[in-house]
1. Assess whether Arg227 counts as being closer than 16 Å to Leu54 by Cα and of a type in the set (Lys, Arg).
2. Looking for something at pLDDT 65 or above and within 26 Å of Leu216 (Cα to Cα) - is there at least one such residue anywhere in segment 10-19?
3. Of the residues Ala521, Ala482, which single one is within 27 Å of Ser615 (Cβ to Cβ) and either modelled with pLDDT of 80 or more or not small (Gly, Ala, Ser) (or both)?
4. Considering only segment 455-525, give the strands (runs of 3 or more DSSP E) lying wholly within it that have at least 1 residues that are within 17 Å of the chain's Cα centre (by Cα).
5. Looking at segment 629-651 only, could you name the residues that are surrounded by fewer than 24 Cβ atoms within 10 Å (Cβ to Cβ) and in contact with a strand residue (DSSP E or B) (Cβ under 7 Å, 6 or more places away or on another chain)?
6. Name the one entry in Leu271, Leu221, Leu216 that is over 24 Å from Pro339 (Cα atoms) and without any contact (Cβ under 8 Å) to a residue 60 or more places away in the chain.
7. Mind listing whichever residues of segment 366-388 are hydroxyl-bearing (Ser, Thr, Tyr) and over 27 Å from the mean Cα position of the chain (by Cα)?
8. Would you mind finding the one in Ser196, Ser306 that is modelled with pLDDT of 85 or more and polar (S, T, N, Q)?
Amino acid sequence: MDATQTPRWLREALHSSILQEDVVTASHEKHGGGTTPPDPARLAYLRQLIAALLEGRRLSATYKYVLLAILAILTACHLREKLVAAAWWRARFSRQRAGCSNTTTITVSSHRPCQQTAASSSSSRSTIQGTATPPEAGKDEEAEGERRPLLGYPHESTALSPSSRPGPLTLVSSLLAYQPRRVPFINKTLPSNGTSLFVLCFLGINVFFQFYHAPLVGNLLFAFADRAGCMFVVNLPLLYLLAAKNQPLKHLTGQSYEALNILHRRVGELLCLLAAVHFGGMIAFQFFKPEWLMRGTFWTSCSIASVRQRWYELFLASHVLLQSTALVFLWLHYHTARPYVTAALAIFAVDRLVWRLLIKQATLSADLTVLPDGDTILLSANWDMAPATALQRGIKAGWKPTDHVFLTVPALGRTHALQTHPFTIASAAPSSTGSSSSSSSSSSSNSGNEARRGAAGDTPHAWLNLLICAHSGFTRDLLHYAHRHKTASVRLDGPYGSSHAMDTLRSGDDVILVAGGSGIAVTFPLAWALLKDHHEEEERSRVVAPAGLLLESGGDEGKDAARRVRLLWIIHSDEHRYWVPGSLLDDLVAAGLHLVVSRPTAIAGRPDVQGHVQSWIREADADGRQTRVLVSGPDGLNRDVRNTCSQAMWGGSDVRVVVEKLGW
C-alpha cells in the first residue's frame, strides 16, 4: 500500500469501518480494476461478516432492556419487603395496644432476666467467661469450623423445635445465606451463596450476549471481537453507576453503594476480560482474514480503550486520571460508543462534582484524642444541626445508624489533602427533634459534654465520633499528628449508607447484635436507635410505645410486643473497652439491652460466638418470636455468624441475618 492511501486506512481502522462500501471498492479497484465483476465467493464472505457484525450490534443494543428488567424485579422485591414490614408494624402495635388495654397490672422492667449458658451470667451486662478458646487452639478451632458441614454433624440438631418443619422457601433462604469457606491457596474470601449466585447470573447474561449466534471461525473473528467491544461499551455506564456514591439504586433496591461494591468490582473485571477478548480477537483476525480484504499495517491503536482496562485494579490516586483518559480514547476510537461514554461521564460528573463537592461536603473543626490502647484515635465534633435543603444534604443535616463518611485531613500535608478515607460513624444518630439520642453520645468525646440540646435550647444538636485504628499510611500519620495536636480542621464527605440494616432489625421481635473489635462502631448506634430513639416507631404506628420496656400482663399481646435486644461485643484487649464509654453502655442496659462483653481474646482466646447466637435464637424460637441478627467484624466472625443463622433457618427458625462490612 502506498503512502497516499495510509491515512485513509488509518481513519477507517479508527472508526471500525473497514468493511464499508468505499473500502471494498478501493480494494477491488486496485486489484481487479473497475470492470472486473466481483468474485461471488468474496461477496458471500463479506455478506456473512457484515451480517454477523450487524446481529451483534443489534443484540448488544437490547442489553440495557435486560438490565432495566432486572432492576424492576429488584425494585419490586424491595417494595414488597417494605409493604410486608409496614404490615408487620401495624400488627405488632395493634397487639401492643390490645395488650395494654387488657392489662390489670403492668410491671415495667428495664430488662428481662433470661437463662444463660455457662458462658455468661444472668445479668443484662456480663462478661463471657469459661468458654473462651485458648489462643494456641484458635487455629485448630478454625480448621474444625472449615471442615464442619453446612447442616452440622448427624448427632447435632439445629432444629429449635421438633414440630418445626421449614418450608421450601425457608430452606432456599438458608442455602442462600450460607457463606462458603475461603478458597484454598489464594486465601480468597467468598461472599454468601446468594450473592455469588446473583453475580454468576449477571455474568451468565453477558456470556449469552457474547456467544449467541456468534461466529467462532477464524476468518469471522472480527465479528466476535467487535461484539466483545460492544458489550464493553454497553456495560460502561453500569460500571460508573455502581461506583457512584450518590445513586438512585439505593432508593430502588434498598442497597447503598458499599453493598453494591462487589458487583462494581465484578463488572470492572468483566470489562477487563471483554477488553482482552476485543484486543486479542482483532489481533487473531489478522492471521485468519483473507489476503485480499485489507492489505497494509494493522492499526493497533484502535484497542487503546480496551487495553487501558489493565490498570483498572489500581484505582487509587491514578484511578480517576486513567479512567478519564480512557473515556477520551473510547470517544475517539468508536463513534457509536459516544452516547455510552457521555452517560458514563455524566454519572461521574454529577456524583463527583455536584453531589460530593458541592452538596455533601462540609468542613469542621474536630477534636483528636488518642485512646488508652495507643493505636486508636477518637475524632469527635459537634454542631447545631441545620435542616437539609436541596443544596445542602451533608453531614451537618444529620445521619442514620450504620452510615459512614469520607474523611480528609488537609493538615497532614498535600498528599493527604487530596485523599479521602471512609469511616463508619461510631456515635448515635441525632434526632431531628433534638432528643438525647444524639447528644448522649457526646460523652465519648474528650470534653465529656453531656448537653442535651444546642445553645438555643430547642435546636437539635449533633455529636459525631469516628473510631480510627492506626495501621499505616494515612491512619498512622493521623496518629502521630494527634499526639502533637488536640484539634484539626477536617473535611467530611457524606453521610453514605442505607436503611437496610435498620429496617431488617426493626422487623423482628428479638435482635442479636454481634460486634468484633471496631465493629462496635456499627452495632452501638443501632442498639441506641432500637432502644432509645423510638420516635420513628411512634410515627409509623401513631401509638406511644416505650422501647426497651417489658410490659407483662395477663395476655400474650403485651409480651409479644416487647423487643429484646442483645449485644455481644468481642474485644481483643481490655483497652478496647474505652472505645465506647461505660456510661453510654449503662444507659443502654437500663433501657433494656442485654450486653455481653467477651474477655480479651489476646488472653482468653476466641469466645463461643456460635453457642451464644444459637442459644439466643432457640430462646426466641421457643417463645414464637422472630429473630434478626446483625454482625460486624472480621471476615471469620462474619462467616461464623452468617452460617450459624443459616443452620437455624434450615432448622425452621424465623431468622434473618445482615452482615455490615464495607466492600472495598
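The values are calculated or read from the model by the stated rules, or taken from the named source; none is laboratory data. Predicted model, so just to flag it, every value in this text is computed and none were measured. Methodologically, a virtual Cβ is constructed for each residue, glycine included, from the backbone with ideal geometry; neighbour enumeration extends over all protein chains shown.
1. Against the criterion (closer than 16 Å to Leu54 by Cα and of a type in the set (Lys, Arg)), Arg227 qualifies.
2. So in segment 10-19, the residues at pLDDT 65 or above come out as none.
Taking every residue of segment 10-19 in turn, none turns out to be at pLDDT 65 or above and within 26 Å of Leu216 (Cα to Cα).
3. On the way: Ala482 fails: within 27 Å of Ser615 (Cβ to Cβ).
Answer to the selection: Ala521.
4. 487-496
5. Passing the criteria: Pro634, Leu637, Asn638, Arg642.
6. On inspection, the qualifying residue turns out to be Leu216.
7. Keep residues of segment 366-388 that are hydroxyl-bearing (Ser, Thr, Tyr), which gives 369, 376, 380.
Thr369, the sole residue that qualifies.
8. On the way: Ser306 fails: modelled with pLDDT of 85 or more.
Going through Ser196, Ser306 in turn, just one is modelled with pLDDT of 85 or more and polar (S, T, N, Q): Ser196.
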